[in-house]
Amino acid sequence: MQPGGRQRVAEPAADTEKAATTRWAVVLTAVGAGVLIGAQVGKAPPMIAQIRADLGLDLVAAGFFMSLINGVAVATGILAGVFADNAGRRRAVLLALAVLLAGNVLGATAAGAPQIFASRLCEAFSFVVIVVAAPGLILEATAPRDVRMALSVWSTYMPAGFAAMMAAAPFIAAPEHWRTVWWFNAGLTVVYAAVFLTMTRGLGRRPTGAGRLRGLAEVVRRPGPWLMGVAFMLYTVQWFGVLTWLPTILQGVGLTAAAAGGGVAVVVAANIAGNLAAGVLLSRGAARWTIIAACSLALGLLTLGIYDSGLDPAVRLILAGLFSAIGGAIPGAVLAGAATHSPSPAQVGITNGVIVQCTNLGSLLGPPAVAWMAAMAGGDFTAARWLTLAAGVAGVAVALALRGVERRLGEAPAAAP
C-alpha cells in the first residue's frame, strides 16, 4: 500500500530483460509508428468527398471505406497480438510498414472502388499490427519506474496522428488532388521506416517463452485485459459518438464547414493533454480505476451540454474540448495497464490485442448508435445524450470491477517487480 491508503499495482519487467535506464529516443520512435498509422485514419475524412467524386463511390460504400480499419481491428486484434509476440515486434512493425507503403501506392494509383478498398485493407492490416506490436518495443526500452509514463505517451498516437493529418490533408491536396495525400503518406512511410530501422536496432526479438499459441489462453482467461478493453470500448462509444457528428451538429446551428472542421481538429488534439495527464497521475500513485471511473462519468455529464441545441455553438465547442481533454486520460490509463495485466512480457502483444479489439468495437458502434437515436427523435441529436451518459455510468461500473482485480494483483507475491 502507498501513503494515504492508495494501492500500488506492481509493474512487471519491460521485457525478458529490464532496461536499466529509459531510452526515450526509442520510445518516441515507437510512438512515431502509432502517429503514422493514426495519420492514415485521419487522412480519409477530409478527402472522402473527392474520393467519392473521382471513383464513383456511393454513400454506403464511402461509409464502409471509412469504417474498414475499425472492422478489421475488431476481427483480428487478438490474432495480430499472437502474430507480433511470435514473429518478434520489430519484425512485425517492419512488415506493417511495408504493407502500409504498398497500400498508399495502391490508393494513389487507384482506378476504381476495388483498388481503393484494397488500399484501405492494407492500411487496416498495418494499423492493427502496429498498435499491438509497438507497445512491446516501448516496454523493452523503458526502465520499470518509467513504464506508466512511457505507455501514456504511447496513448497519444491516435489524436496526434489523426488531428495532424486531418488538418494537413486539405493543404497537401490543394495543388493537385486527393491522390497527393496518399503519395505524401507513402513518402512519409519510407522516411519513417529508415528512422525506425536505425533507432530500434537490436530490439524487438522474439520474446523468450513465446510459442505459436502459447499464452493466448492465459490472456483471455484473465479478467483484467477484458475489463480494460470494455472500459476503453465505452470511452470510444462516447468519444466517436460525439466527434463523428460534431461537425454536423455545429453546421446545423450556423457554423461554416471550415469553422466546424477547424474546431473539431482542435478538439481532437486536446485529447493529447489527457493522455499525458494519465501518465503523470499514475506515476504519482493515482489508481487506474479511479481515473477511468471519474473520467467516464465526467464525459457522460459533459455530453448533456454538447448535445443541448439550446446552447451557443461556442459553448458547445468549449465543452467538446473539455470532453476530449478529460477523456484522453482513459486511453492513457488503460494502455499503461497492458504490462500489468499481461501474464508475462511475452504476452504483451496479445493483451494489447484484446484491448484493441474491444476499443474498435466501440468505434464501430458509437457513431451509428448516436445517429439512430437522433433519427428516432426526428433528427434531434439531443436524444443521443442519454446513450453517452449511460456509457459513462457503465464505465464507472467497469472501473469498480477493475479495482478488485488490481487489488488482487497488488497483493499477489508474483506481481512484485
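Coordinate-derived values only; no laboratory data. The shown structure was predicted, so the numbers you read here are calculated from the model rather than taken from an experiment. Positions of Cβ are backbone-derived with ideal geometry, glycine not excepted, and every protein chain shown enters the neighbour counts.
Size of the dipole of the chain about the Cα centre, Lys and Arg at +1 and Asp and Glu at -1 on the beta carbon, nothing else charged, in debye to 20?
Numbers: 27 positive and 16 negative charges, 231 e Å.
Roughly 1100 debye, rounded to the nearest 20.
Report, in deg cm²/dmol and to the nearest 500, the calculated mean residue ellipticity at 222 nm for the chain, where each DSSP H run with n ≥ 4 adds -39500 (n - 2.57) and the sum is divided by the residue count.
Values: 18 runs with 317 residues, N = 417.
Estimated from H runs of four or more residues: -25500 deg cm²/dmol.
In nm, to one decimal, how far is the Arg145 label point from the Ala217 one, both placed 7 Å along Cα→Cβ?
4.0
Looking at Phe232, Gln347, Ala30, which one has the Cα that reaches farthest to the positive end of the dipole of the chain (charges on Cβ: Lys, Arg +1; Asp, Glu -1)?
Farthest along the dipole direction, towards plus: Gln347.
In nm, to one decimal, how far is the modelled label at Ala113 from the one at Asp380, with both set 7 Å along Cα→Cβ?
Placing both labels 7 Å along Cα→Cβ, they lie 3.7 nm apart.
Go ahead and run the numbers for FRET between Val393 and Leu59, Cβ-Cβ distance against an R0 of 41 Å, rounding to 0.05.
Details: r = 34 Å, r/R0 = 0.82.
E(calc), rounded to 0.05, equals 0.75.
Using alpha carbons only, how many angstrom separate the centre of segment 89-106 from the centre of segment 288-362?
With segment 89-106 and segment 288-362 each reduced to a Cα centre, they are spaced 28 Å.
Go through segment 21-29 residue by residue and turn each phi into a ³J(HN,Hα) via Karplus (6.51, -1.76, 1.60, θ = phi - 60°); whole Hz please, and just put x for glycine and proline.
In residue order, the calculated couplings are 10, 6, 8, 5, 5, 5, 4, 5, 5 Hz.
Shape verdict for the chain, please, from the Cα gyration tensor: rounded (a/c under 1.5), prolate (a/b greater than b/c) or oblate. Before the final figure, lay out each step's value.
On the way: a/c = 1.87, a/b = 1.19, b/c = 1.57.
The shape class here is oblate.
Kindly rank 363-369, 111-117 from highest to lowest mean number of other beta carbons found within 10 Å of each residue.
Working: 363-369: 20.3, 111-117: 14.6.
The densest-packed peptide leads the list: 363-369, 111-117.
Please state the relative contact order of segment 9-415 as a whole percent: Cα pairs under 8 Å, 6+ residues apart?
On the way: 744 pairs, mean separation 113.5, N = 407.
Across segment 9-415, relative contact order equals 28 percent.
In percent, how large is the relative contact order of segment 77-229, given Cα pairs closer than 8 Å and 6 or more residues apart? Don't skip to the answer; put the middle values down first.
On the way: 134 pairs, mean separation 55.2, N = 153.
Taking the mean separation of contacting Cα pairs over the length of segment 77-229, I get 36 percent.
May I ask you to order 155-163, 123-131, 195-203 by the average number of other C-beta atoms within 10 Å around their residues, highest value first? Write out the running numbers ahead of the final one.
Values: 155-163: 25.1, 123-131: 27.0, 195-203: 15.1.
In descending order of packing, they fall as 123-131, 155-163, 195-203.
Place the peptides 182-188, 32-38 in order of packing, highest mean first, counting for every residue the other Cβ atoms within 10 Å and averaging per peptide.
On the way: 182-188: 19.0, 32-38: 23.9.
Per-residue Cβ counts within 10 Å, averaged per peptide and sorted highest first, yield 32-38, 182-188.
Taking neighbour Cβ counts within 10 Å as the exposure measure, how do Ser309, Ser119, Ser152 sort from fewest upward?
Details: Ser309 12, Ser119 23, Ser152 27.
The fewest-first ordering by Cβ neighbours comes to Ser309, Ser119, Ser152.
Give the calculated FRET efficiency between Ala20 and Leu400 to the nearest 0.05, with a Förster radius of 60 Å applied to their Cβ-Cβ distance.
On the way: r = 37 Å, r/R0 = 0.62.
Rounded to the nearest 0.05, the efficiency is 0.95.
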